[in-house]
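Just below is one structure, and these are the notes that go with it.
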Amino acid sequence: MTVNNQQLKDFIADSGLVPRTELDDVEKRALETKTYLGDVLVSEGKLSEDDLRRTEAYILGIPFVNLKTQKIEFDVLSLIPEPIARKHNIIAFKKTDTALEVAMLDTDDLAAIDFVKKKVGLKILPRLTDKESITGVLLQYQKSLKEEFGDIIEKEAGSLKTPEAGAVGEEPQSEEDLKKLADDLPVIKIVDTLLSHAIIQGASDIHIEPLDSEVVIRYRIDGILHDAMMLPKSAAAGIVARIKVLSNLKLDEKRLPQDGRFKIESAGEKVAFRVSTLPIYYGEKTVMRLLREAVSGFTLESLGFHGLGLERIYDATKQRVGMILTTGPTGSGKSTTLYTILDLVNEPEVNISTIEDPIEYQMARVNQTQVKSEIGLTFANGLRTLMRQDPDIIMVGEIRDGETASLAVNASLTGHLVLSTLHTNSAAATMPRLIDMGIEPFLIVSTVNVIISQRLVRRLCAVKEKYLLSEIEIENLKKTINMERVLQVLKDEKIIAPTADWKDVSFYHPKASQESETGYKGRVGIHEILKMSPAIRDLIMKGGTPVEIEVQAKKEGMTTMLEDGIVKAAQGITTIEEVLRVVSE
């Protein structure tokens, strides 16, 4: 069911929502561009999206519901899994014996309605609602699940046998005892709940840390570690044993670190967990990295690339020889950038092979190989084999040693495009790192096309607090940042007016809202992209320092990570404080 332009115009004219003269002008533009009148009214600011939605609901005779102040019962809310609710903007809010009322932003989303109908086996009654209602209810998922999971864990941890009864607290030593403990129903429920909760919270890592008298569970969300819950010490042995069973680790080995991996499906989402255990004073610390296999559809623009840097990456992807390197610390988004570039070059006429540890995302038409050091399949050995597989494009998950570096350089010299990552602090510092690995300078300048160095900063939510920099703040920033260069980038990319000065540029502070208590949600990259130019080649051959290379790169238009961060802060994507926190780490 859709509203046509004439119906919408008549209703808006009668209701007086938009003056008749303005409405006639907008209708002309809608006819000229063959666009829906409602879309033009919203894009020109004549109507808000929510006002348009209410108007359409009235014309179509579909009830409009406001859920902003409603607390929905969790058993009704959870009839639609949170990922489906978020993706399709559909909320279950009222249930009877025969029907389920759902609030939607688009009642024509038949796929979502059909999914819910099959899942619950009830008649579905669609209702229109607004974005604020959807956002508020999605937050109820988080709170309700946190409360529910907290109750489950508290209950199950309380039902574990006491040390006196001869169970968890006695730290059983034999493999058989540990296996029994790992299969204990309360332990299974606790671990399943921890994993599900982490997935729903959007965590990237789970830390399980035994202390003197308790176990602390921490989640890393948007790059920041948060305490999630405290459990009694009696739960420690069972939780670790259960995780070891899932990841095929030795149950009775507590003196040496172990690494493993397992996979689960939760709320329709496949997630792989990379497990690492480490002996510490109070037991074994366990850290699990969450790798969401369904993550795809990224573009370089959505990752935060823009302007001249973006052009340089696109130019490098058009080459069929040489190297594209991404650098930065662990967890800075290097792999996601590489996968996105792979997606760009993944065409039917090329053969792409990778050697990775671990395989984080699975990609169609890409031959991905997992490193297995225990049987001799290292990056170096794997790369040697890939060279015999007739590849056009090779991705090496990480250059960790001189042998791998040498093989990657040789591959790029012999007619292949090679993508890889390195651990360096800046793009310019990549040169001495490669030289330190034994790569001759003339080989570096012959093979490297572009180097991307990056970090991740937290994104501001839609609700944020606007402010202007004071003269003192501008002067303080000038001590560490070339503010004139940043101002010119903002003007060149038409983010600010050509005549604007720093006193005219708006920045933002985070503000707690229904969407996020911290004012941040999600992360975006800040980057510096160094292109191998003739001048930089000469510098490297002469033994130039990273500082000299960076100075030359900046002369040639490279924006540093710090400068790129300030550009994004001026766009309202993040804050100056967040950029300084991340770059100074």
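See the values below:
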| quantity | calculated |
| --- | --- |
| Dimensionless Rg ratio for the range 389-467, taking C-alpha atoms and the 2.2 N^0.38 Å reference | 1.45 |
| Portion, in percent, of the accessible area of the chain that falls on carbon or sulfur, probe 1.4 Å | 50 |
| Highest average packing first - 175-188, 496-509, Cβ atoms within 10 Å | 175-188, 496-509 |
| Residues with amide H under 5 Å from that of K464, placed H, sequence gap 5 or more | none |
| Largest-first principal axis extents, alpha carbons of the chain, Å | 77, 74, 55 |
| Gap separating the Cα centres of the range 557-578 and the range 446-489, nearest whole Å | 2 |
| Residue-normalised accessible area of the chain, given per residue in Å² at a 1.4 Å probe | 48 |
| Whole-Å semi-axes of the range 5-145's equivalent ellipsoid (Cα gyration tensor) | 33, 15, 13 |
| For the range 207-255 and the range 84-113, distance of Cα centres in Å | 37 |
| Inter-part distance where the range 384-411 and the range 521-543 are each reduced to a Cα centre, Å | 21 |
| Normalised convex hull volume, the range 208-293, alpha-carbon set, Å³ per residue | 106 |
| Amide hydrogen neighbours beyond the local backbone of D205, cut-off 5 Å, H modeled | R220, L290 |
| Under 13 Å, Cβ to Cβ, from L342 - net charge with Lys/Arg +1 and Asp/Glu -1 | -3 |
| Cα pair distances in the range 425-565, grouped into 5 Å bins until the bin that holds the longest one, percent each | 2, 9, 14, 16, 16, 14, 11, 8, 6, 4, 1, 0 |
| Angstrom value of the Kirkwood radius, inverse mean 1/r, which spans all Cα pairs in the range 372-432 | 12.2 |
| Restraint check, K270/K568; K118/K270; K179/K270; K71/K95, Cα-Cα greater than 23 Å | K270/K568; K179/K270 |
| Alpha carbon convex hull of the range 47-129, projected area averaged over orientations, nm² | 5.5 |
| Cα→Cβ-extended label distance, 7 Å offset, between I188 and N66, nm | 4.8 |
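The values are calculated or read from the model by the stated rules, or taken from the named source; none is laboratory data. Quick caveat, the model's predicted, so the values are computed rather than measured. Glycine gets a Cβ as well: all are built from the backbone with ideal geometry, and neighbour counts include every protein chain shown. Heads up: the accessible areas ignore ligands, DNA and RNA and are worked out on the full protein's heavy atoms, side chains in. Shrake-Rupley method; radii C 1.70, N 1.55, O 1.52, S 1.80 Å.
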